[in-house]
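See structure below.
All of the numbers you see were taken from the coordinates with simple rules; none came from a lab. This one's a predicted model, so the numbers in the text were calculated from it and none came from an experiment. Neighbour counts run over all protein chains shown; Cβ positions are idealised from the backbone, glycine included.
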Amino acid sequence: MLLKDCVAIITGAGKGLGQSIAEEFFKEGALLALFDIQYDLVENLAKKLDSSGKKIIAIKADVTDEIMIKNAMEQVFDKFGKIDILINNAGISLHKTIKEMSVEDFNKVININLNGTFICSKTVIPYMEKQKRGKIVNIASLAGRTGRPGVGVNYAASKAGVIGLTQTLARELGPSGIYVNSICPGPILTEQTRQYPAEVFASWNAGRAIQKDGLPEDIAQLAVFLSSDKSDWITGIALDINGGILIR
Ligand code: NAP
């Protein structure tokens, strides 16, 4: 097991990639704190994975609310006595063109995707500094690398911001033994993306080298690697995972 007894917080863990990361981490022996704005989702997932209630805690936590995140992390520390891993996964997109997008739309996506990553990272640092070790993994996106048709400028800007935040935070925190990396997934089949017409999903995958759709577990396995000691000489990177849509 790659994460035996490591304590991991996963934000936006109620469904999609976050849920899959939670499932994969649990298989690898991690103790989990599942954060989501939708409490019932993480509560159900926690019960499904761990009926004993000893290895997983589900917490209603909005990543944009600093007080809520501080309280949530205190609860995690009280239950498990340490925090080793933070997966900044919570994120949204609105899929509007700039003509359709209001300033409120722009700010909403930046606030959850970028400011939320900042707030959760800032709050977890003292816990990781105490033990002189920690792993932060930020879920960015291919859209933050190249821009993508239809995702919205707010989404692409937020994810490019996450990559920049990752690089600078890795430099700041490396001397304290804290690793910070980001993952840039291409289009992944989730409950949400399955709702788009097949031709729309196919258009997002145009030019892909590998003839397999991206699945949540593809991202979850990479998150396990970047959270484990198998990646102990990797920090500050933005790792592309997209079946060869982007090759450079
Ligand atoms: P998802 O299925 O929508 O799941 C995200 C979860 O986060 C939802 O339960 C959502 O609740 C929750 N959430 C939203 N705002 C929150 C907040 N302020 N605080 C805490 N939780 C919040 O998303 P996903 O497709 O799995 O994506 C997960 C991450 O991967 C995101 O950062 C996304 O940008 C990134 N990503 C996804 C893809 C893809 O193709 N799916 C590709 C590249 C990158 P609500 O449902 O109420 O909003």
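Averaging 1/r over every pair of different alpha carbons in segment 104-156 and inverting the result gives a Kirkwood radius of 12.7 Å.
Normalised by the number of residues in segment 137-240, the mean separation of alpha-carbon contacts (under 8 Å, six or more apart) gives a relative contact order of 35 percent. Taking the longest Cα principal axis of the chain as reference, the axis of helix 66-80 is set at about 50 degrees. Using Cβ point charges alone (K and R +1, D and E -1), the dipole size of segment 12-86 about the Cα centre works out to roughly 280 debye.
The P(r) of segment 1-74 has a tail past 19 Å containing 26 percent of all C-alpha pairs. For the chain, the share of alpha carbon pairs falling in successive 10 Å distance bins from zero is 8, 33, 38, 18, 3, 0 percent. Near A238, the amide H atoms lying under 5 Å from its own belong to S182; only residues 5 or more places off or on other chains count, and H is placed 1.01 Å from N.
For segment 158-248, the orientation-averaged shadow of the C-alpha convex hull comes to 6.9 nm² (one quarter of the hull surface). Given +1 at the Cβ of Lys and Arg, -1 at the Cβ of Asp and Glu and no other charges, the dipole of segment 139-219 around its Cα centre is 220 debye to the nearest 20. Angle of helix 216-227 to the longest C-alpha principal axis of the chain, folded into 0 to 90 degrees and rounded to 10: 50°.
Here the Karplus curve 6.51 cos²θ - 1.76 cosθ + 1.60, taken at θ = phi - 60°, turns the phi angles of segment 235-248 into couplings of 8, x, 8, 10, 8, 6, 9, 8, x, x, 5, 10, 10, 8 Hz, with x standing for Gly and Pro. Mind checking which of L3, G116, N89 is farthest towards the positive end of the chain's charge dipole, using Cβ charges of +1 (Lys, Arg) and -1 (Asp, Glu) about the Cα centre? Value computed over the given set: L3.
The value of relative contact order for segment 1-123, using C-alpha pairs under 8 Å at least six residues apart, is 27 percent.
The tail of the calculated P(r) for segment 194-235, taken as Cα-Cα distances beyond 15 Å, holds 59 percent of the pairs. Across the chain, the mean sequence separation of Cα contacts (distance under 8 Å, 6 or more residues apart), normalised by length, yields a relative contact order of 20 percent. The sum of -39500 (n - 2.57) across all DSSP H runs of n ≥ 4, divided by the residue count of the chain, sets its helix-only mean residue ellipticity at 222 nm to -13000 deg cm²/dmol. What you get for the chain, charging only the Cβ of Lys and Arg (+1) and of Asp and Glu (-1), is a dipole of about 380 debye around the Cα centre. Phi angles of segment 137-153 translate, via the Karplus equation with coefficients 6.51, -1.76, 1.60 and θ = phi - 60°, into HN-Hα couplings of 10, 9, 8, 8, 5, 3, 4, x, 8, 10, x, 9, x, x, 7, x, 5 Hz per residue; Gly and Pro are given as x. Each residue of segment 52-60 is assigned a 3J(HN,Hα), and the resulting list reads 6, x, 8, 9, 9, 10, 9, 9, 6 Hz, derived from the Karplus form 6.51 cos²θ - 1.76 cosθ + 1.60 (θ = phi - 60°), x at Gly and Pro.
Each peptide in 70-78, 136-144 was scored by the mean count of other Cβ atoms within 10 Å over its residues; highest first, the order is 136-144, 70-78. Look at the dipole of segment 57-148 built from charges on Cβ: of I125, F77, T146, the Cα furthest out on the positive end belongs to T146.
When the listed pairs K70/K132; K4/K159; K48/K79 are checked against a 27 Å cut-off, the alpha-carbon distance exceeds it for K4/K159. If you look at the Cα atoms of segment 47-156, you get an Rg and a Dmax of 16.5, 51 Å. Each of the peptides 225-233, 36-44 was scored by the mean count of other Cβ atoms within 10 Å over its residues; in descending order, highest first, they stand as 36-44, 225-233. For I56, the residues whose amide H sits under 5 Å from its own are L32, ignoring neighbours fewer than 5 places away on the same chain, with H placed 1.01 Å from N.
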